[in-house]
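Heads up: the structure comes next, in structure tokens.
The values are calculated or read from the model by the stated rules, or taken from the named source; none is laboratory data. Remember, predicted model here, so these are calculated numbers, not experimental data. Heads up, the Cβs are rebuilt from the backbone with ideal geometry, glycines too, and the neighbour counts pull from every protein chain shown. These accessible areas exclude ligands, DNA and RNA; they are computed on the full protein's heavy atoms, side chains included. Shrake-Rupley method; radii C 1.70, N 1.55, O 1.52, S 1.80 Å.
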Amino acid sequence: METRTEFFNIYNHGFIRIAVGVPEVRVADPVYNAAQTVELMRQAAEQHTVLTVFPELGLSSYTCEDLFHQQALLEASGAALQTVCDASQAWSMVSVVGLPLEIDQQLFNCAAVIRQGRILGVVPKTFLPGYREFYEVRQFAPAANAHRDTVSLCGQHDIPFGEKLLFHIDGAPPWTFFVEICEDLWVPIPPSSFAALAGATVLLNLSASNVTIAKDAYRHSLVSNQSARCLAAYLYTAAGAGESTTDLAWDGHALVYENGSLLAESERFKPASQLITADLDIERLIQERLRMNTFGQSIQLYRHELTAFRHIDVPLVTPTADRIMPDRIYDRFPYVPSDPSQRNSRCYEAYNIQVQGLAKRLQSATIDKVVIGVSGGLDSTHALIVSARAMDLLGYPRTHILAYTMPGFATSDRTLANAHALMRAIGCRAQELDIRPSCEQMLRDLGHPYANGEPVYDVTFENVQAGERTSHLFRLANHHQALVVGTGDLSELALGWCTYGVGDHMAHYSVNASVPKTLIQFLIRWVADTGQLGPKASAVLRDIVATEFSPELVPGDARGNQPSQKTEDVVGPYELQDFNVYYTTRLGYTPAKIAFLAYHCWRDRHLGRWPDIPEDQRQQYTIGEIKRWLSVFAWRFFKISQFKRSCIPNAPKVGSGGSLSPRGDYRAPSDSEATVWLQQLERIPDHDPECSIIG
């Protein structure tokens, strides 16, 4: 397939780009204010936005006080609206500006929604504050006072007017926005709550909001929580430079949140106009609402209130530039925050969730010992550390951990040495059991060619070793009245990279089943970096993290004790596959969208944020490589692996996007097809774009 430039455009993957403007104003100078607003509109258009919002009463300025009762100011504000309307004809985007409007001998604090010279609707403020420093009820009337539902402005007639207007854009996917003004967000039930239930996915707030100490944190809390509760994006803009400081001050605080996550924030106290942009994932918001069935139940509960909303169709044309990559930051490792403080917190929580799960199972089973196989690889290392902490929590000695390393036909010197060193560092009861004699006996019983000296290393040869290890562990658990701790992780379950019924698939309790490979790497590195097991153990842990992934089942060197297998040559790089797992299971994205985001994150090792990974280990991938391994993922995840996940042992759910247990989170038929996901791969080009990328 040839390179297709339309693939590299956010608007073809369920995103929209929006802007929030904070223009410098002059008090009671609508001509100047309109000019500043238009300039920010021009900048927003250059950045391929489809929606731009400005502060409350921005055309007149908010701090006019009793000047709002001056006819000259009201007429000048109307003329400023006309100026903005005329300028908007040059761009396709929607702009929302604030101004005072006299309607039926009452003055309303309004937001005007404009596109290409047309006023699509006017929204009056619902709640007017009259407490502390606010005196809006002195000048303005609340929305409830209005007794008409259309107005005439700027030579245009029958413009929808009211506080319950929904503006709908029939895009791909379709989206709807709603406008409220400042204090409307501060009340117990903001109007935007009902608007979200009525279908709005993007909520706008034209605010003035003077600044006092720590008020910015309160704004963050309000906007974040409202966007999260409404499963929506929330755009907030406060008045900035130029507002009167007679009694108050202004910081020009603009925020963009999506489902509780901050996407963009302005520079507070900036002495000039500024514009922030953000890319909203409309598709994600729709997916979240589909999943959270209580959102739909709320719609049913408030269905009578929702009938009052009016819907206005907006004929918006999305930008068609060949290549518009996301502005927003995505972590290459969605399970591992790149911010060190967040990463430490995540590691702490992950460990303690796993420790709590195992400790409770031991208590309920009245068992005080565990049996675990230690290979010297990542997963068994992490499970062993979790087991040690569970013993500490329960007050049992670590010698109650019966740890066995069981070398087979391809166990490497490096992993065997690390297994012994790790067991010594933990202080568990350690033993080495050579499984080769019992494996050879089974291969003879099967009549396998290897028993006759032939170098046949097929799946039977591999699984005999996996089965023997599991058989030993379970019989050892019987013998010592212990519980077998599983070591298999989320990444292996997603890819079906485990032997059914034995090996990493089976245990009495599986502590890692909800933890992906990339997070396990960082959990172990965190234990090493914080010195929790001492300096000698830290050195061993770092070497384990640096060891190449291999099941160590097929011998590869002349001595027969070095593996020839490299897991990632078969299933793909775990860093890519964990990316695929997250966006498939947590958000339900299409393969094309996952590839688009993966390319955004992984196309250049020098771009974006990295967690603590040495520079020489930082990888980058072309769109062709991403497509190749995504194809492997789609086939393995949707077609051939679900039957293994349908019967996994008990395991605690660790992350919001991190459980494939049919009891903990993910339920799917074991005999489904992968056709629709594989067909989606046809949308993905084989080659990177040749020209520069806008982003």
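May I ask you to derive the FRET efficiency for residue 656 and residue 463 from their Cβ-Cβ distance with R0 = 41 Å, giving the value to the nearest 0.05? Could the numbers behind the result be given before it?
Values: r = 34 Å, r/R0 = 0.83.
It comes to 0.75.
What do you get for Rg/Rh of region 408-487 when both radii come from the Cα atoms and Rh is the Kirkwood radius? Numbers along the way, then the final one.
Numbers: Rg = 14.6 Å, Rh = 14.3 Å.
Value, to two decimals: 1.02.
Using only Cα atoms and rounding to the nearest 10 degrees, what angle (0 to 90) does helix 623-634 make with the longest principal axis of the chain?
With rounding to tens, the tilt is 60 degrees.
I'd like the carbon and sulfur percentage of the solvent accessible area for region 540-695, probe radius 1.4 Å, heavy atoms only, ligands and nucleic acids excluded. Don't skip to the end; give the middle numbers.
Numbers: 3370 of 7070 Å².
Result for region 540-695: 48 percent of the exposed heavy-atom area is carbon or sulfur.
Viscosity 1.567 mPa s, temperature 4 °C: Stokes-Einstein D of region 1-116 from its Kirkwood Cα radius, in µm² per second?
Values: Rh = 15.1 Å.
Once the numbers are plugged in, D ends up at 86 µm²/s.
Given +1 on the Cβ of Lys and Arg, -1 on the Cβ of Asp and Glu, and no further charges, what dipole in debye does the chain carry about its Cα centre, rounded to the nearest 20? Walk me through the numbers before you get to the answer.
Numbers: 60 positive and 76 negative charges, 430 e Å.
The calculated dipole for the chain is roughly 2060 debye.
Using helices alone, what [θ] at 222 nm do you get for the chain, with -39,500 (n - 2.57) per DSSP H run of 4 or more residues, divided over all residues and rounded to the nearest 500? Walk me through the intermediate numbers first.
On the way: 22 runs with 255 residues, N = 695.
Estimated from H runs of four or more residues: -11500 deg cm²/dmol.
Take the alpha carbon atoms of region 541-621, find their radius of gyration, then divide it by 2.2 N^0.38 Å using N residues; give the quotient. Display every interim value, and only then the final one.
Numbers: Rg = 15.9 Å, N = 81, 2.2 N^0.38 = 11.7 Å.
Here the answer is 1.36, to two decimals.
Report in % the part of the accessible area of region 388-432 that belongs to carbon and sulfur, leaving out ligands and nucleic acids; probe 1.4 Å. Don't skip to the end; give the middle numbers.
Values: 870 of 1730 Å².
Its accessible area is 50 percent carbon and sulfur atoms.
Using the Kirkwood radius over C-alpha pairs as Rh, can you work out the diffusion coefficient of region 129-288 via Stokes-Einstein at 20 °C, viscosity 1.002 mPa s, in µm² per second?
Details: Rh = 17.0 Å.
Approximately 126 µm²/s, per Stokes-Einstein.
In the structure shown, do any of 125/270; 369/517; 125/164; 517/566; 566/644 have a Cα-Cα gap over 18 Å, and if so which?
Working: 125/270 27 Å; 369/517 26 Å; 125/164 10 Å; 517/566 15 Å; 566/644 22 Å.
In this structure, 125/270; 369/517; 566/644 exceed 18 Å between Cα atoms.
Please list, in order along region 371-383, the HN-Hα scalar couplings obtained from phi with the Karplus expression 6.51 cos²θ - 1.76 cosθ + 1.60 (θ = phi - 60°), rounded to whole Hz, x for Gly and Pro.
Per residue, the Karplus-derived 3J(HN,Hα) values read 10, 9, x, 10, 9, x, x, 4, 5, 5, 4, 5, 4 Hz.
Between the helical axis of 459-480 and the dominant principal axis of the chain, each derived from Cα atoms, what acute angle in degrees is found, rounded to the nearest 10?
In the chain, helix 459-480 runs at an angle near 80 degrees to the longest axis.
Solvent-accessible area of residue 622, probe 1.4 Å, all protein chains present, reported in Å² to the nearest ten, please.
Taking all protein chains as shown, residue 622 has close to 60 Å².
What share of the DSSP beta bridges in region 161-211 is antiparallel, in percent to the nearest 5?
Numbers: 4 of 9 bridges.
Antiparallel bridges: around 45 percent, rounded to the nearest 5.
State the answer as a single residue: which of 412, 402, 306 lies farthest towards the positive end of the charge dipole of region 306-420, with beta carbon charges of +1 for Lys and Arg and -1 for Asp and Glu, about the Cα centre.
In region 306-420, that residue is 402.
Need the full-extension length gain, residue 317 to residue 539, defined as separation in residues times 0.36 nm minus the C-alpha distance. One decimal, nm. Provide the component values of the computation, followed by the final result.
Numbers: separation 222, 0.36 × 222 = 79.92 nm, distance 5.77 nm.
This chain segment gains 74.2 nm when fully extended.
Let me know the Rg and Dmax you get for the chain when you use only its Cα atoms, in Å.
In order Rg, Dmax, the Cα atoms of the chain give 30.5, 103 Å.
Can you tell me the length gained on complete extension of the stretch residue 566 to residue 69, counting 0.36 nm per residue apart and subtracting the Cα distance?
171.2 nm is the gain from fully extending residue 566 to residue 69.
Provide the gained length on full extension for the span residue 433 to residue 640, in nm with one decimal, where the gain is 0.36 nm per separating residue minus the Cα-Cα distance. Before the final figure, lay out each step's value.
Values: separation 207, 0.36 × 207 = 74.52 nm, distance 3.28 nm.
Between residue 433 and residue 640, full extension yields 71.2 nm more.
Pop out the ³J(HN,Hα) list for region 59-66 in order, Karplus 6.51 cos²θ - 1.76 cosθ + 1.60 with θ = phi - 60°, rounded to Hz; leave Gly and Pro as x.
Result, ordered by residue: 6, 9, 5, 6, 8, 7, 6, 6 Hz.
Could you order 566, 627 by accessible surface area, starting with the largest, using a probe radius of 1.4 Å?
On the way: 566 95, 627 35 Å².
The ranking, largest first, comes out as 566, 627.
Would you calculate the separation in nanometres between label points at residue 152 and residue 341, each defined as 7 Å from the Cα along the Cα-to-beta-carbon direction?
Placing both labels 7 Å along Cα→Cβ, they lie 5.8 nm apart.
Straight-line reach from residue 215: which aspartates and glutamates have a Cα under 18 Å away, not including same-chain ones fewer than 8 places off?
By straight Cα distance, residue 215 reaches 56, 133, 183, 184, 243, 247, 251, 265, 267.
Per residue, how many Å² of accessible area does the chain show with a 1.4 Å probe?
Value for the chain: 40 Å² per residue.
Rounded to a whole number, what % of the accessible area of region 75-125 do carbon and sulfur atoms account for, probe 1.4 Å? Write down the numbers at each step before the final one.
Working: 640 of 1450 Å².
The C+S portion of the solvent-accessible surface of region 75-125 is 44 percent.
Ratio to report: Rg/Rh of region 118-163, with Cα atoms as the point set and Rh obtained by the Kirkwood method; give two decimals.
Working: Rg = 12.8 Å, Rh = 11.8 Å.
When Rh is taken as the Kirkwood radius, the ratio is 1.08.
Once the convex hull of the alpha carbons of region 202-351 is built, what does its volume come to per residue, in cubic angstrom?
Values: hull volume 30.6 nm³, N = 150.
Roughly 204 Å³ of hull volume per residue.
Would you please put 135-146, 293-304 in order of how densely packed they are, using the mean number of other Cβ atoms within 10 angstrom per residue and starting with the highest? Before the final figure, lay out each step's value.
Working: 135-146: 16.7, 293-304: 11.8.
Highest-to-lowest ranking by the protection proxy: 135-146, 293-304.
Using the alpha-carbon atoms, what tilt in degrees (0 to 90, nearest 10) does helix 517-529 show relative to the longest principal axis of the chain?
Between the helix axis and the principal axis of the chain, the angle is about 80 degrees.
Of all alpha-carbon pairs in region 552-695, indicate the percentage at a distance above 26 angstrom.
Values: 3778 of 10296 pairs.
Within region 552-695, distances greater than 26 Å cover 37 percent of Cα pairs.
With all protein chains present, calculate the accessible area of residue 323 using a 1.4 Å probe and round the result to the nearest 10 Å².
Per-residue accessible area (residue 323): approximately 30 Å².
Given region 35-76, what whole percent of its Cα pairs are spread farther than 11 Å? Provide the component values of the computation, followed by the final result.
Numbers: 604 of 861 pairs.
Here the tail beyond 11 Å accounts for 70 percent of pairs.
Could you work out how far the C-alpha centroid of region 602-644 sits from that of region 285-322, in angstrom?
So the separation of the two Cα centres works out to 33 Å.
Under a point spin-label approximation (7 Å from Cα along Cα-to-Cβ), what is the residue 356-residue 290 distance to one decimal in nm?
Spacing of the two 7 Å Cα→Cβ label points: 3.1 nm.
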